[in-house]
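Let me begin by presenting the structure, written as structure tokens, before commenting on it.
No value in this document is a laboratory result; all are computed from the given coordinates. Not measured: the values here are computed from a predicted model. Ideal geometry is used to build each Cβ from the backbone, glycine not excepted, and the neighbour counts take in all protein chains shown.
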Ligand code: PMP
Ligand code: GLN
């Protein structure tokens with residue numbers, strides 16, 4: 001068997017959700033909303049299943065969705081994309097990321113990654129034969145510095161993989177840091193795979209800055225989005241890729257032998273959704289922000305040290321002050337003995353993990369959050 005996969009543990013999300021089911025726990029681990037998602041978008045999918053075309057669509061995506069991607073990113077990010085040459089639909093952002101990595105990384109190429117690192121990146125970089133160069137981010141700000149980039153980049157750097165807003169920390173990288181990173185990409189002629197699946201889930205009127213819009217990056221960025229996150233329909237697995245034609249062409253070659261196409265009924269519904277009025281997107285983020293504030297206030301009232309969350313469905317707590325030295329043991333005890341699933345952030349580190357941070361998902365109904373808080377109170381003897 002291939003040791004890359006034979007030795008790989010099951011992802012922390014699956015592990016924690018299984019434990020949550022087994023122990024009848026409140027699942028604040030894996031990131032998915034309680035709410036069923038916008039009814040009109042789901043109705044479109046149903047309608048397209050019944051009266052639409054359900055055979056293989058174009059491997060690049062259905063034309064209406066590719067046009068909607070270009071139009072959506074023009075409206076929200078001021079990007080000008082040619083739908084035919086610069087957009088691609090994949091089966092989830094996970095597939096898009098894999099296709100982008102396989103398309104750009106050659107054996108021996110160095111790939112700069114930031115840890116905490118989303119769990120799918122490293123195995124795929126290794127599959128491609130890439131040599132990971134890790135920059136370690138630390139709480140409470142999780143920012144990188146010029147010295148970090150000096151250490152990580154070299155003439156062998158081929159690709160940088162960035163995630164903004166960052167899962168699991170909820171960090172929205174400010175423009176000046178993206179500009180700093182862009183300068184290194186330009187200097188070392190590197191491609192940026194920019195995982196922007198949380199682009200719409202940003203709080204406190206913060207601005208998500210797409211890497212592609214930074215000077216020097218338009219031709220060297222592969223932008224990855226996810227309809228699952230944009231519409232709170234995480235099971236849908238529709239990935240949205242935008243890149244300059246020379247990059248996109250090669251990404252699409254990798255995509256053609258990963259999944260080839262993506263269900264056309266869901267693509268039609270996402271095309272409809274991307275064209276929804278701006279108010280939908282504003283309301284969505286305000287709703288999540290309210291949930292973030294509710295969970296934050298409840299945790300703080302219990303004495304937890306809550307790290308700031310600027311975006312995503314997640315906030316983090318520092319368990320150091322509780323005298324707990326191991327986030328994995330803490331999360332295991334939490335789910336098996338107290339019925340709350342959470343994610344140990346050390347799972348997002350390949351080396352020298354931070355061990356005192358635990359991620360909680362707040363994309364839940366008030367009742368779920370309140371019940372979770374009650375159990376957390378029990379867990380710390382309050
Ligand atoms: N990247 C990041 C940073 C994510 O958080 C997620 C899912 N939560 C994905 C990629 C995968 O997205 P999809 O479900 O569309 O494959
Ligand atoms: N990205 C989601 C999270 O961070 C989970 C996705 C998955 O289960 N692979 O919770």
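Overview of results
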item: Over the chain: Kirkwood hydrodynamic radius from C-alpha pairwise inverse distances, Å; result: 21.3
item: Cα gyration tensor shape for region 1-89, rounded if a/c is under 1.5, else prolate or oblate; result: prolate
item: Mean projection area, nm², convex hull over Cα of region 197-305; result: 9.4
item: Highest to lowest packing among 44-53, 245-254, scored as the average C-beta count within 10 Å; result: 245-254, 44-53
item: The chain: most fluctuating residue of 110, 86, 205 per GNM, C-alpha cutoff 10 Å; result: 205
item: Computed helical MRE - 222 nm, the chain, DSSP H runs ≥ 4 contributing -39500 (n - 2.57), nearest 500; result: -13000 deg cm²/dmol
item: Relative contact order for region 182-249, counting Cα pairs under 8 Å that sit 6 or more residues apart, in percent; result: 30
item: Region 123-147 versus region 226-248: alpha-carbon centroid distance in Å; result: 23
item: Relative contact order of the chain, pairs being alpha-carbon contacts under 8 Å that are 6 or more residues apart, as %; result: 25
item: Global form of region 99-159, assessed from the alpha-carbon gyration tensor, a/c cut-off 1.5; result: oblate
item: Taking 281, 114, 173, 5 and counting other C-beta atoms within 10 Å, the order from fewest to most; result: 5, 281, 173, 114
item: Fraction of beta bridges assigned by DSSP in region 172-245 that are antiparallel (%, nearest 5); result: 55
item: Kirkwood hydrodynamic radius of region 50-93, Cα pairs, Å; result: 11.4
item: Paired Rg and Dmax values of region 129-241, which use every Cα atom, in angstrom; result: 14.2, 41
item: Antiparallel DSSP beta bridges within region 102-216, as percent of all bridges there, nearest 5; result: 5
item: Sequence of 204, 327, 7, 195 once ranked by neighbouring C-beta atoms within 10 Å, starting from the fewest; result: 7, 204, 327, 195
item: Segment residue 8-residue 46, extension gain: residue separation times 0.36 nm, minus the distance between their alpha carbons; result: 10.0 nm
item: Fewest-first sequence of 180, 16 by Cβ atoms within 10 Å of each Cβ; result: 180, 16
